[in-house]
Every structure is written in structure tokens, then in C-alpha cells.
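Participant: Take this structure first; my questions come after.
Where a number appears in this text, it was derived from the coordinates with a stated rule and is not lab data. Please read all numbers here as calculations on a predicted model, not as lab measurements. Cβ atoms come from the backbone with ideal geometry, glycine included; neighbour counts cover every protein chain shown.
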Amino acid sequence: MPRKAFTRKDRPPAPGSAADIESMIRVDHAGEYGAVRIYEGQLAVLRRRKGAEASVETITHMAEQEQRHLKAFDKLVNERKVRPTALEPVWRIAGFALGAATAALGEKAAFACTAAVEEVIDEHYAAQIAALEDKDPALKSAVEDFRADEAAHRDTAIAQGAEQAPGYKLLSETIKAGCRIAIKLSERI
């Protein structure tokens with residue numbers, strides 16, 4: 001059986017190339033949008049829960065930082081004429097649903113969601129920073145700044161009891177797997 005000939009479109013863009021940088025902006029824009037929607041879902045549930053005021057305050061602060069990240073990537077998408085992901089309608093629903101579902105399981109489950117998502121994003125941003133080297137200093141600087149916020153969100157979530165959520169390991173691994181799939185899809189679609 002003959003082997004399939006790979007075309008340029010089948011291969012991922014070369015690290016640091018213009019196409020790779022466009023892919024980075026597209027996926028980061030999608031990811032920040034997803035993060036905003038996750039926090040919106042969590043807040044929609046937790047604001048109704050008696051005694052969750054401290055968690056609501058913490059999540060609101062993290063959501064505000066994610067909004068700042070999203071605005072920065074909105075600007076990059078527009079300035080650099082990068083095609084946003086076609087999966088935005090999926091991430092709109094999936095992000096909110098993930099946030100609401102984990103918050104419905106309790107505050108610790110909501111923080112477990114945050115810890116899992118931010119762990120994947122920290123790894124993702126670290127790989128981007130390494131790939132960018134000196135190719136796009138402005139983008140690299142933004143990603144470094146946002147990575148610090150994401151790591152702080154993960155640490156905050158763990159400090160808030162994420163690892164004490166019922167079924168933490170399964171919940172965390174499932175969310176991380178979903179995030180990795182969403183990243184791969186958003187890079188190209």
C-alpha cells in the first residue's frame with residue numbers, strides 16, 4: 001500500500017515561523033476566551049451558593065486577569081490579521097458548561113478545574129516561550145506575563161483546596177486531557 005504524501009498543510013508550521021506565530025496567537029486567543037467562559041460558569045453557580053463569598057471574590061479576581069489576557073489577544077488577532085479559531089462557538093458553550101458543572105460539584109471542584117486548566121496552560125505557554133526565542137519579542141513578553149498569572153491561578157486554586165475535591169485525580173486528569181485536545185484543535189481550526 002503506498003504511503004500518503006504529506007503536504008505542507010498536513011504538517012505543523014515550523015517553530016517560530018510566521019504560520020507558527022499565527023497559530024500561537026489563534027490558540028492563545030481561544031484559550032483565554034475559554035478561560036473567561038469557565039470563570040463565568042463558575043461564578044454563575046457560586047454566586048448563588050450561600051457561604052461561597054470568599055471563593056467568588058477569588059474567582060472574580062482571576063476572571064478579571066483572564067479578561068485582560070483576552071483583550072490583549074483580541075488586539076493581536078486584529079492587528080496581525082490572524083484568523084480566530086472556527087471553534088469559538090464550541091468553546092463558548094464548553095467553557096461555560098465546564099465552569100458551571102465543576103462549581104455545581106462544590107467550591108473545591110471549581111478550584112480543581114482551575115488548577116487542572118492552569119497546569120496545562122502553564123506547560124503550553126512555556127513551550128511557546130521556548131519556541132519564540134528572539135523571533136517575536138512582543139508576543140514572547142505577553143506570553144511570559146500571562147504565564148505568570150496562570151501559574152498564580154493554579155497555586156491559588158491548590159491553596160483553596162483543589163486537591164481535596166471529591167474524585168480530584170480523575171477530575172483533574174479528565175480536564176487536562178480536554179484542554180490538550182482543545183489546544184491541538186484550536187491551533188489549526
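Participant: With each pseudo-label sitting 7 Å past Cα toward Cβ, what's the Glu123-Glu64 distance in nm, one decimal?
Facilitator: 3.1
Participant: To continue, here is another question. Looking at the chain as a GNM with Cα springs under 10 Å, which of Thr156, Thr58, Thr114 has the largest mean-square fluctuation?
Facilitator: Thr58
Participant: Apply the Karplus parameterisation 6.51 cos²θ - 1.76 cosθ + 1.60, with θ equal to phi minus 60°, to every residue of segment 68-79 and state each ³J(HN,Hα) to the nearest whole Hz, in sequence, with x for glycine and proline.
Facilitator: Calculated HN-Hα couplings, in order: 4, 4, 4, 4, 5, 6, 4, 5, 5, 4, 6, 4 Hz.
Participant: Taking only Cα atoms and a 10 Å spring cutoff, compute GNM fluctuations for the chain and point out the largest among Ser55, Ser23, Ser141.
Facilitator: Comparing Ser55, Ser23, Ser141 in a Gaussian network model of the chain, the most mobile one is Ser141.
Participant: Under unit Cβ charges (Lys, Arg +1; Asp, Glu -1), what dipole magnitude, rounded to 20 debye, does the chain have relative to its Cα centre?
Facilitator: Working: 28 positive and 29 negative charges, 198 e Å.
With only Lys, Arg, Asp and Glu charged at Cβ, the dipole is about 960 debye.
Participant: What does the helix-only formula give at 222 nm for the chain: each DSSP H stretch with n ≥ 4 adding -39500 (n - 2.57), the total divided by the residues, and the result rounded to the nearest 500 deg cm²/dmol? List each step's numbers first, then the result.
Facilitator: Numbers: 6 runs with 143 residues, N = 189.
When only DSSP H runs of four or more count, the value is -26500 deg cm²/dmol.
Participant: To continue, here is another question. Any chance you could give the angle, 0 to 90 degrees and rounded to 10, that helix 18-46 forms with the longest Cα principal axis of the chain?
Facilitator: Between the helix axis and the principal axis of the chain, the angle is about 10 degrees.
Participant: For a quick check of your reading of the filter: which trypsin sites (Lys or Arg not before Pro) in segment 80-189 sit in a DSSP loop and have no more than 11 other Cβ atoms within 10 Å? Walk me through the intermediate numbers first.
Facilitator: On the way: sites: Arg80, Lys81, Arg92, Lys108, Lys135, Lys140, Arg147, Arg154, Lys169, Lys176, Arg180, Lys184, Arg188; in loops: Arg80, Lys81, Lys135.
The qualifying sites are Lys81.
Participant: Got a sec? How would His153, His29, His61 order by Cβ neighbour count within 10 Å, fewest to most?
Facilitator: On the way: His153 27, His29 23, His61 12.
Final ranking by Cβ density, sparse to dense: His61, His29, His153.
Participant: Using the Karplus curve 6.51 cos²θ - 1.76 cosθ + 1.60 with θ = phi - 60°, work out ³J(HN,Hα) for each residue of segment 103-111 in order, rounded to whole Hz, and write x for Gly and Pro.
Facilitator: Working through the residues one at a time gives 5, 5, 6, x, 4, 5, 5, 4, 6 Hz.
Participant: Starting from the Cα of Ala152, step 7 Å along the direction of its Cβ; do the same at Arg180; then give the gap between the two resulting points in nm.
Facilitator: 2.8
Participant: For Cα extents along the principal axes in Å, the listed values are [x] 51, 32, 27; [y] 50, 36, 31; [z] 58, 44, 27; which was obtained by calculation from the structure presented?
Facilitator: [z]
Participant: Using a Gaussian network model on the chain with a 10 Å cutoff between Cα atoms, which of Glu107, Glu64, Glu79 fluctuates the most?
Facilitator: Of the options given, Glu79 has the highest mean-square fluctuation.
Participant: Under a 5 Å amide H to amide H cut-off, with H placed in plane at 1.01 Å, what residues pair with Gly106 once short-range neighbours are removed?
Facilitator: Here the answer is none, since no amide H 5 or more places off falls under 5 Å of that of Gly106.
Participant: Another question, if that's okay. With θ set to phi - 60° and the Karplus curve 6.51 cos²θ - 1.76 cosθ + 1.60, what are the ³J(HN,Hα) couplings of segment 145-160 in order, to the nearest whole Hz, using x for Gly and Pro?
Facilitator: Coupling constants for segment 145-160: 4, 5, 4, 4, 4, 5, 5, 5, 4, 4, 5, 5, 4, 5, 5, 7 Hz.
Participant: When only C-alpha pairs under 8 Å and at least 6 residues apart count, what is the relative contact order of the chain, in percent?
Facilitator: Contact order relative to length: 28 percent.
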